[in-house]
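Since the structure comes first, as structure tokens, the remarks are kept for the end.
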Amino acid sequence: MRHVLLFSVLMLTACGGSWSNRDLEFAAALPSRTDLASKLPTTSTTSQPLSRSDGLNAGEPSQAYADTKKAVTDFNGLLDFFLGVIDSVRSVPPTSRDGQSRTWGPFTAKDNPGFQFQVIIALVSTEPQETFGWKLQVRKIGTQAWIDVVRGNFQASPETVRKGMGTIEVPVKDFRDVITVDANFRQLDSIVIGYFTAGFPNTAQMAFTFAPGNTSGLSGAGYAAKRQQDGSGAMGFSLRSLDPNTTRLDTVSKWRADGAGVSVATVVEGNYRGATRAECWNASFKVTYFKENWPGGQESGNASECVSVEGL
């Protein structure tokens, strides 16, 4: 998906004056791409493993690592897509303030001529910690009704307002016929993201609900990412399809800070339910062990060479 969800915000020209310390606390309630991104180790000498010829032999480039890398790239790309507009709000002070909220806008929507957008952040609770609600809204110029495009909430940690836990919702079906979005995005009904940054492991989950009658072949999809302080991490991704054999396929990958990891794909629903494919790779992203559990499935390498990733 390219950056056509909303608008270019880098052209903001609001005269909101200077930032106050309290303004910064409100802005800190917005999710950060840096805090939520998954980080899979790579090397400076090789980009990504080449696809294997048969996917079975120890010592060959790991396809599981390549698949995990793609999932991480897709996950981070979607965060960029959703949060790019939100991140740029931090480049200018709020347009207006009251004691319990801050507003940025309304601004002209560059990529959606004839529309305006605004961002509102409001303090909704102070117990047990400060909790903020926020929303990115759009409306047609000359009308009164605002439509939520992205909305969320954030509860600050006891130590700092810059860390905590929150949710993000993108109610696609409410605006896909109102503003310009690309064809892929129109196939969705909603996206929901949950995250925790108050301690390690940092976590983020992303769930997609597809519109009935969509042409993607999927009815749902989800990602779950974890990141430890030492650089180790995990990525789980789940796909729901209309294929009766693999109606739901779940894959969980874990890796150490040096890049070595393990991945297990499992058919959770469908005629092939229970089928699994496990693969381990070393810090050079080469297969150390591979196994398919179904009759006639292949096995290669030594299971004892699989790394253990703790705390994830």
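Numbers below:
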{"read-out": "Residue identified as surrounded by fewer than 19 Cβ atoms within 10 Å (Cβ to Cβ), at pLDDT 90 or above and in a loop (DSSP other than H, G, I, E, B) among PRO41, PRO94", "value": "PRO41"}
{"read-out": "Flag for GLY105 being over 16 Å from ARG162 (Cα atoms) and part of a helix (DSSP H, G or I)", "value": "no"}
{"read-out": "From THR288, THR266, residue being closer than 29 Å to PHE196 by Cβ, of a type in the set (S, T, N, Q) and in a strand (DSSP E or B)", "value": "THR266"}
{"read-out": "Condition check for PHE237: in a strand (DSSP E or B), in contact with a helix residue (DSSP H, G or I) (Cβ under 6 Å, 6 or more places away or on another chain) and closer than 23 Å to SER263 by Cβ", "value": "yes"}
{"read-out": "Residue match in the stretch 282-296 (condition: out of contact with any helix residue (DSSP H, G or I) (no Cβ under 9 Å at 6 or more places or on another chain), buried (at least 17 other Cβ atoms within 10 Å of the Cβ) and of a type in the set (A, V, I, L, M))", "value": "no"}
{"read-out": "Selection from the stretch 193-234 of residues that are under 14 Å from LEU78 (Cβ atoms), free of Cβ contacts under 8 Å to residues at least 40 places away in the same chain and either assigned to a loop (DSSP other than H, G, I, E, B) or of a type outside the set (Gly, Ala, Ser) (or both)", "value": "GLN205, PHE208"}
{"read-out": "Subset of the stretch 149-162 [surrounded by fewer than 17 Cβ atoms within 10 Å (Cβ to Cβ) and under 18 Å from ILE86 (Cα atoms)]", "value": "ARG151, ARG162"}
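The values are calculated or read from the model by the stated rules, or taken from the named source; none is laboratory data. Computed from a predicted structure; not experimentally measured. A quick note on method: Cβ atoms are made from the backbone with ideal geometry, for glycine too, and the neighbour counts reach across all protein chains shown.
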